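Working notes, structure below.
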Amino acid sequence: MARVVFRSILLGLAAVLALGVPFNLGDAGDVDGETRSQGYIGAQACAECHRDRFEAFRRTAHHLTSRFPDPESIPGSFSPDHAVVRTRNPNLRFEITDEEDGFYQTAIIGKGDGSYRRTERIDIVTGSGKIGQTYLFWQGDRLFQLPISYFTQQQRWINSPGYPDGEVNFTRGVVPRCLECHATYFETDSYASNAYEKEHFVLGVSCERCHGPGAEHAAYQRAHPDVEDVPHILHPGRLDPPRLIDLCAQCHSGVGAPSQRPFSFRPGESLSDYLELDAHEELNRIGVHSTNQLPRLTKSKCFQQSSAMTCITCHNPHALERGNLALFSRRCATCHETHACGMAAELGETMQSNCIDCHMPRKKDLETGFETAENFQFPTMRDHFIAIYPEISRRLAPRFPHSEKTTPPQEGDY
Ligand code: HEC
Ligand code: HEC
Ligand code: HEC
Ligand code: HEC
Ligand code: HEC
Ligand code: HEC
Ligand code: HEC
């Protein structure tokens, strides 16, 4: 679909105000609605007419991947025992505090009266918390990363990835490529800058990131309740497979090298006009922020030898399906008979509900290290290179008995 030109955000704004919901786009008063708003109205505005979809979608990692801080969006404990990060430098510690007017991180160097303190407020939370969260703060119109993150696997506050233990750093700017993957829209001019239009952004990877800005669609459907055509919004299911994959690949195929203005790519367009993806051979690794899913998937025979496999062959973008391995295995079954598996005769019936652990094993992401005073901690993720992993399979096979109840594979099995 060609990029749609949106006339006005005012109708969408009116819809949001009528619903009485918070408006992440900020106060549009000083904004030139034509060019700056780009016609975004926020996910909640879609709920007016797509209620069920919105209710399911709001629980997804996409929707939750950037938010304003509140007790619900931050899973970490604020009890004084837990909300301290001690470092191998005996004179440096960090405290995370829940104050009346917000959540804060403080670096404390030295002890007692002579100590030096630097405190910054958590203004934006990034990460749904599946793996963890990193926090951002504003300084004027510039956005920076905070030194302490949260690591869900161990339920602890921890040095942010890439932050050496024992050092203090409040100067890492948050550049647009980061927000392009973790938000729907920010207004900014250059990939090199961390300055943004502070009153004007849409948090979360929300509906409009995959469907395009929705103001014109909402206004049109409201004005034409009896018309059946839907001219102003993209249905990605009707895209050619490569364009549909591009839609997901802008965020799931590594950082790449952008060639146009930040946030200018629109769903339906050819991603290569906007972003040169990293060479796939360099991405032959597992990493939350490097390899990611597409390059690994494209190495798989499933992808290479079937005609139209895309990310939505297995993923429903509107629902939280994480952990439901039986459901994912049924999606394998659209192309494979269970008995085609070379281990079917040996394995019990339980294999039908778990093709995933043997053929898409969990692996450690060795690129995203959180350094602690003692060691490094790494998250794990699924390998999208769907293949035969004989060693892992041999280890896991006893977990698939023919009769008695079975325990699903655990973290330590890999
Ligand atoms: C005022 C009501 C209204 C609002 C608000 C609204 N929609 Fe729709 N939308 C409709 C109607 C009516 C249809 C056509 C019937 C259907 O598919 O549900 C539709 C269809 C769609 C379709 C399918 C398009 C197609 O070609 O089949 C998509 C995608 C969509 N809407 C996305 C959104 C998104 C994203 C938002 C929020 C940014 C949104 N809608 C807000 C009324 C609305
Ligand atoms: C604008 C960037 C962006 C786009 C576009 C995008 N994603 Fe994501 N996706 C993310 C981010 C960021 C996360 C991690 C969210 C988190 O946990 O904080 C994620 C997480 C996921 C997850 C893991 C969910 C979970 O609960 O574990 C799946 C699956 C996924 N995306 C599939 C897709 C598919 C399929 C598409 C295309 C239809 C797509 N994504 C498009 C950024 C994006
Ligand atoms: C190229 C896209 C991309 C860029 C750039 C990017 N991320 Fe991510 N990030 C992702 C995806 C995709 C995931 C989820 C991977 C998964 O589900 O396994 C993720 C995961 C995360 C998580 C863990 C979320 C969870 O599941 O709990 C955090 C926190 C995070 N990113 C923060 C950041 C920050 C902060 C920046 C910039 C300084 C950044 N990311 C840059 C795509 C990106
Ligand atoms: C990560 C990308 C992504 C996000 C976010 C997303 N969608 Fe979709 N949406 C898709 C894709 C892909 C399809 C096509 C699915 C298919 O054809 O199987 C689709 C299809 C649709 C359709 C029409 C097809 C149908 O099943 O009726 C509607 C309506 C829709 N989305 C609304 C929404 C709304 C409303 C939101 C937010 C609450 C939303 N979408 C968020 C990717 C996304
Ligand atoms: C769209 C169809 C399709 C889907 C969905 C699909 N595959 Fe495949 N897969 C294929 C094709 C085609 C081949 C190559 C021919 C063959 O070996 O059957 C293949 C090959 C394989 C192989 C052999 C790999 C090798 O290197 O020899 C395994 C294992 C496999 N698939 C497992 C899975 C699993 C597990 C899932 C679900 C997560 C899945 N497939 C989903 C089409 C698909
Ligand atoms: C306990 C681990 C394990 C489980 C569970 C498992 N597989 Fe396999 N699978 C293997 C191994 C190992 C092979 C290679 C066997 C061989 O070559 O003798 C294999 C081979 C395959 C092949 C390739 C067959 C060929 O001839 O190229 C396919 C397709 C496949 N499995 C699909 C599945 C599907 C679908 C499921 C879920 C219903 C599944 N597997 C569950 C371990 C497993
Ligand atoms: C053949 C099926 C299949 C295809 C195709 C597929 N995935 Fe997945 N994906 C899975 C399964 C299975 C999981 C594991 C789900 C779980 O553990 O709950 C997964 C997990 C994920 C996760 C979470 C990462 C993690 O480590 O937990 C992300 C992000 C993701 N997929 C994105 C994508 C994207 C983007 C594409 C397209 C490039 C894609 N997937 C294509 C089956 C698939």
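The values are calculated or read from the model by the stated rules, or taken from the named source; none is laboratory data. Every value quoted in this text rests on a predicted model; they were computed, and no experiment measured them. Neighbour counts run over all protein chains shown; Cβ positions are idealised from the backbone, glycine included.
Values for this structure:
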{"quantity": "Residue 375 being among the polar types (S, T, N, Q), away from ligand 6 (no atom under 16 Å from the Cβ) and without any contact (Cβ under 8 Å) to a residue 12 or more places away in the chain", "calculated": "yes"}
{"quantity": "Where residue 109 falls short, out of the listed (1) modelled with pLDDT of 95 or more; (2) under 26 Å from the mean Cα position of the chain (by Cα)", "calculated": "(2)"}
{"quantity": "Residue identified as away from ligand 7 (no atom under 11 Å from the Cβ), of a type outside the set (Val, Ile, Thr) and at pLDDT 95 or above among 410, 305, 377", "calculated": "305"}
{"quantity": "Top-ranked residue of segment 308-333 - restricted to ones that are of a type in the set (Gly, Ala, Ser) and either part of a loop (DSSP other than H, G, I, E, B) or not assigned by TED's automatic domain parsing to the domain that holds residue 353 (or both), ranked as nearest to ligand 6 (Cβ to nearest atom)", "calculated": "333"}
{"quantity": "Extreme residue, farthest from ligand 7 (Cβ to nearest atom), among residues of segment 308-337 that are without any contact (Cβ under 8 Å) to a residue 24 or more places away in the chain and among the basic types (Lys, Arg)", "calculated": "330"}
{"quantity": "Selection status of residue 135, surrounded by 22 or more Cβ atoms within 10 Å (Cβ to Cβ), of a type outside the set (Gly, Ala, Ser) and more than 22 Å from residue 191 (Cα to Cα)", "calculated": "no"}
{"quantity": "Leading residue by the ranking (farthest from residue 177 (Cα to Cα)) among those in segment 118-155 that are charged (D, E, K, R) and within 20 Å of the chain's Cα centre (by Cα)", "calculated": "130"}
{"quantity": "Any hit, segment 76-86, residues being assigned to a loop (DSSP other than H, G, I, E, B), more than 30 Å from residue 225 (Cα to Cα) and either within 16 Å of ligand 7 (Cβ to nearest atom) or of a type in the set (A, V, I, L, M, F, W, C) (or both)", "calculated": "yes"}
{"quantity": "Scope segment 338-348; condition touching a residue at least 12 places away in the same chain (Cβ under 8 Å) and surrounded by 12 or more Cβ atoms within 10 Å (Cβ to Cβ); matching residues", "calculated": "338, 341, 343, 346, 347, 348"}
{"quantity": "Residue in segment 146-168 that is surrounded by fewer than 20 Cβ atoms within 10 Å (Cβ to Cβ), basic (Lys, Arg) and under 23 Å from residue 264 (Cα atoms) present", "calculated": "no"}
{"quantity": "Verdict on residue 240 being within 16 Å of ligand 2 (Cβ to nearest atom) and either of a type in the set (Lys, Arg) or surrounded by fewer than 16 Cβ atoms within 10 Å (Cβ to Cβ) (or both)", "calculated": "yes"}
{"quantity": "Some residue of segment 29-40 being modelled with pLDDT under 50 and not in a helix (DSSP H, G or I)", "calculated": "yes"}
{"quantity": "All positions within segment 320-364 that are in contact with a His (Cβ under 9 Å, 6 or more places away or on another chain) and of a type in the set (S, T, N, Q)", "calculated": "350"}
{"quantity": "Members of segment 274-297 found to be basic (Lys, Arg) and at pLDDT below 70, listed by number", "calculated": "285"}
{"quantity": "Condition broken by residue 179, with the remaining ones in (1) surrounded by fewer than 24 Cβ atoms within 10 Å (Cβ to Cβ); (2) within 16 Å of ligand 3 (Cβ to nearest atom) satisfied", "calculated": "(1)"}
{"quantity": "Residue count, segment 44-64 (criterion: closer than 23 Å to residue 129 by Cβ, in a helix (DSSP H, G or I) and away from ligand 3 (no atom under 16 Å from the Cβ))", "calculated": "6"}
{"quantity": "Of residues in segment 285-307 being away from ligand 6 (no atom under 16 Å from the Cβ), aliphatic (A, V, I, L, M) and in contact with a helix residue (DSSP H, G or I) (Cβ under 9 Å, 6 or more places away or on another chain), the one farthest from residue 208 (Cα to Cα)", "calculated": "286"}
{"quantity": "In segment 380-391, the residues that are acidic (Asp, Glu) and either outside any helix (DSSP H, G or I) or modelled with pLDDT under 90 (or both)", "calculated": "383"}
{"quantity": "Selection status of residue 331, closer than 22 Å to residue 393 by Cα and basic (Lys, Arg)", "calculated": "yes"}
{"quantity": "Any hit, segment 204-215, residues being free of Cβ contacts under 8 Å to residues at least 12 places away in the same chain and either outside any loop (DSSP other than H, G, I, E, B) or more than 16 Å from ligand 7 (Cβ to nearest atom) (or both)", "calculated": "no"}
{"quantity": "Tally, over segment 334-368, of residues that are β-branched (Val, Ile, Thr) and not in a loop (DSSP other than H, G, I, E, B)", "calculated": "3"}
